[in-house]
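To keep things clear, I will list the structure first and then write my remarks on it.
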Amino acid sequence: MSAGRVLVVDDEAGIRELIKDVLSLEKYDIVTAADGLEALNALRKASFDLIILDITMPKLDGLSLLEKIRGENDQTPALLLSARNNRDDVTAGLRLGADDYVTKPFGIEELVLRVRAILRRTRTEGVVENLRCGPISIDIDAHQVKFEDEVIELSPTEFSLLEFLIERKNKVVTKETLLEGVWGIDFENNSTVVETYISYLRKKLHINNFEGIKTVRGIGFQIVDKE
C-alpha cells in the first residue's frame, strides 16, 4: 500500500533522484519534475499528497509556482528546499502557504521525518493518530497534551518542541536539529533557548516519577518511552 503520492521538483537531477530513491523505500509513489513549468503541468494532470519544491529553479521558480497554484486554489501541501542563506525566500514561501522547509544540504532522515509530519497534519482521510511516549500523549488536531488523563497546558513553542522530540522518541536529537527544526535558528547562533525550553517541559511533565526527558551530554536531548 502506498504511503502517499509525492511530486519532487528540483532542477538538480542528483537531488531529484536521491529524494526519489529514499522516499520510494518508504513506500511513497514519486513523480519528478525538473522545473516549475513541468511541475505545474503534472499538478494539472494529477493530484498529489505533497510537493517537495526547490525554491531556486529556471523557467518558473519554486515561489512563483507556489503562488500560482495557491491562486488556483490548489492547497496541496508543500515542503520547500532552500539554500541555507535563503531565509527571506523561506519566509516568503511560508507566507504563500508552504507547510515546512528543509535547508540544503539536508539529512535524509530529517527529510523523511518532515514528510511524514506534514502528511500526518494535512491528510483529510482517516483519523490522525495521536503521538504517545510513556504516560504522555499528544492530540495533534486538538493541540492538546495529556499526562495520563490530566491535560497539561503548554505554550505553542513547548508543544512544538515536545512534538518534535516524541516524533523521534528514544533517539538522541542534537541541539542543532532542534534549533533548526523548532525555531529555525542556525546552530552557530549558540542560543540557549533549547536548554531553557527543555527545563520548562521537565517542570510540567516530570511528575509521578516520570523523568523521560534526558540530556545526552555533548550531543543533545531525547525523550524515552521507558526508563
GLU12 passes all but one of (1) within 23 Å of ARG87 (Cβ to Cβ); (2) surrounded by 16 or more Cβ atoms within 10 Å (Cβ to Cβ); which number fails?
(2)
Check LEU65, LEU53, LEU23, LEU40 and return the single one that is crowded, with 21+ Cβ neighbours inside 10 Å and farther than 20 Å from ARG120 by Cβ.
LEU65
Subset of the range 66-98 that is under 24 Å from ALA3 (Cβ atoms) and among the hydrophobic types (A, V, I, L, M, F, W, C) - its residue that is nearest to the chain's Cα centre (by Cα)
LEU79
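Being free of Cβ contacts under 8 Å to residues at least 24 places away in the same chain and surrounded by 12 or more Cβ atoms within 10 Å (Cβ to Cβ) is the filter here; which residues of the range 212-227 pass it? It would help to see each step written out before you state the result.
Of the range 212-227, the ones free of Cβ contacts under 8 Å to residues at least 24 places away in the same chain are 214-215, 217-218, 227.
Passing the criteria: LYS214, THR215.
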Taking the residues in the range 83-98 that are modelled with pLDDT of 85 or more and aliphatic (A, V, I, L, M) as candidates, determine which candidate is surrounded by the most Cβ atoms within 10 Å (Cβ to Cβ).
ALA98
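Residue-by-condition table, conditions (1) assigned to a helix (DSSP H, G or I); (2) under 22 Å from the mean Cα position of the chain (by Cα); (3) at pLDDT 90 or above; (4) not assigned by TED's automatic domain parsing to the domain that holds GLU109:
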residue	(1), (2), (3), (4)
LEU178	yes, yes, no, yes
GLY181	yes, yes, no, yes
GLU188	yes, yes, no, yes
GLU195	yes, yes, yes, yes
ILE198	yes, yes, yes, yes
LYS203	yes, no, yes, yes
ILE207	no, no, yes, yes
GLU211	no, no, yes, yes
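Conditions (1) of a type in the set (S, T, N, Q); (2) assigned to a loop (DSSP other than H, G, I, E, B), marked per residue:
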residue	(1), (2)
SER24	yes, no
PHE48	no, yes
ARG95	no, no
TYR101	no, no
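The values are calculated or read from the model by the stated rules, or taken from the named source; none is laboratory data. Being a predicted model, the structure only gives us computed values, none of them experimental. Neighbour counts are summed over all protein chains in view; Cβ atoms, including those assigned to glycine, are modelled from backbone coordinates with ideal geometry.
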